[in-house]
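The values are calculated or read from the model by the stated rules, or taken from the named source; none is laboratory data. Just so we're clear, the structure is a prediction, and the values are computed from it rather than from any experiment. Methodologically, a virtual Cβ is constructed for each residue, glycine included, from the backbone with ideal geometry; neighbour enumeration extends over all protein chains shown.
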Amino acid sequence: MSEIDAVASMADLLRGRSWTVLSGAGLSTDSGIPDYRGPTAVRATPMQLSEFVGSVEAQRRYWARSYLGWSRMGDAFPNAGHRALVSLEDAGLVGVVTQNVDGLHTAAGSRTVVDLHGEIAAVICLDCGDRTSRRSVQDRLRDLNPDLRAPAVLEHAELRPDGDAVVEDWHSFVLAACGRCGGRLKPDVVFFGESVPKPRVARAYDLVDAGQVLVVLGSSLTVMSGLRFVRHSAKQGRPVVIVTRGVTRGDDLATVKVNDGCAETLSRVQTLL
């Protein structure tokens, strides 16, 4: 099936039906945020939760990298794909479950969003649970580390979807402590090796079940946190549409597979609905 035919089939499935989106990093690449596993992704090994909580050195390394990475993440804007989804709320879209932590769906104006893996714009204390804004922590880190400067350009290989940039000299980086208890701070995102909170998973399933069709945008479905919703929908007999470049773990469950970019595909779908 050609990509033109696949998009037409996708529009036919969505027309007159309610549908839910499961979005991944491929939707945000047009906003300047690279993905982990797309065709142009650079191989990277994200920090595991156990490593982060296990030593101050690991926290120092993570925060030094994340401090510089935020210069890109914090200034990212929604792209045409995010904006198209807002417009499509009048054409049956009931909401978005996103694996991304960049907050761009909400920034674009989407009304119903479940941030499955958390929000990079928030920071939580591992010791007392206090939650604060990332920008305020970023300001504190800047004051504590006045000599650390971001390179003029963060190359693709130096920036990752969780805002983690490569930093060579992190050993002297000064950590910011919780303003309430002096405890350990962590971006309020789900690290690799960490479980998504059960209430959030339940909200995601409810939103998936609210749609008659599940549309996957820009996800390789490599991790189970996203693939489970595809398997759930297929088991319930609901059509599944997958829009992403390259192979995904859910392709065998897809009713329609569109091997193209998210923004381009959503633009064509808009004209057909």
* Structure fact -> Quick count over the range 127-183, residues being modelled with pLDDT under 70 and either farther than 27 Å from Ser219 by Cα or of a type in the set (Val, Ile, Thr) (or both), is 9
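Against the definition (of a type in the set (A, V, I, L, M), more than 30 Å from His232 (Cβ to Cβ) and either modelled with pLDDT of 95 or more or in contact with a strand residue (DSSP E or B) (Cβ under 7 Å, 6 or more places away or on another chain) (or both)), how does Ala107 come out, yes or no?
On the way: of a type in the set (A, V, I, L, M): yes; more than 30 Å from His232 (Cβ to Cβ): no; either modelled with pLDDT of 95 or more or in contact with a strand residue (DSSP E or B) (Cβ under 7 Å, 6 or more places away or on another chain) (or both): yes.
It is false that Ala107 is of a type in the set (A, V, I, L, M), more than 30 Å from His232 (Cβ to Cβ) and either modelled with pLDDT of 95 or more or in contact with a strand residue (DSSP E or B) (Cβ under 7 Å, 6 or more places away or on another chain) (or both).
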* Asked: Is it the case that the range 187-202 has a residue that's part of a helix (DSSP H, G or I), closer than 30 Å to Gln59 by Cβ, among the basic types (Lys, Arg) and over 14 Å from the mean Cα position of the chain (by Cα)?
  -> yes
* Qualifying residues in the range 10-26 (those that are touching a Ser or Thr at 6+ places or on another chain (Cβ under 8 Å) and part of a helix (DSSP H, G or I)) - the one surrounded by the most Cβ atoms within 10 Å (Cβ to Cβ) -> Gly26
* Criterion (in contact with a strand residue (DSSP E or B) (Cβ under 6 Å, 6 or more places away or on another chain), over 14 Å from Gln99 (Cβ atoms) and free of Cβ contacts under 8 Å to residues at least 24 places away in the same chain) met by exactly one of Ala202, Ala210, Ala234 -> Ala234
* Of all residues making up the range 93-111, the number that are surrounded by 17 or more Cβ atoms within 10 Å (Cβ to Cβ), part of a loop (DSSP other than H, G, I, E, B) and in contact with a helix residue (DSSP H, G or I) (Cβ under 8 Å, 6 or more places away or on another chain) -> 4
* Would you be able to tell me the number of residues in the range 112-133 that are within 26 Å of Leu273 (Cα to Cα) and without any contact (Cβ under 8 Å) to a residue 24 or more places away in the chain? => 1
* Residue check, Ile124 against (1) modelled with pLDDT of 95 or more; (2) touching a Lys or Arg at 6+ places or on another chain (Cβ under 8 Å); (3) not in a strand (DSSP E or B), all met but one. Which one? -> (3)
* Structure fact -> If we ask which residues in the range 223-245 are in a helix (DSSP H, G or I) and of a type outside the set (S, T, N, Q), their number turns out to be 10
* Taking the options Val223, Val243, name whichever one is within 13 Å of Met10 (Cα to Cα) and buried (at least 16 other Cβ atoms within 10 Å of the Cβ). => Val243
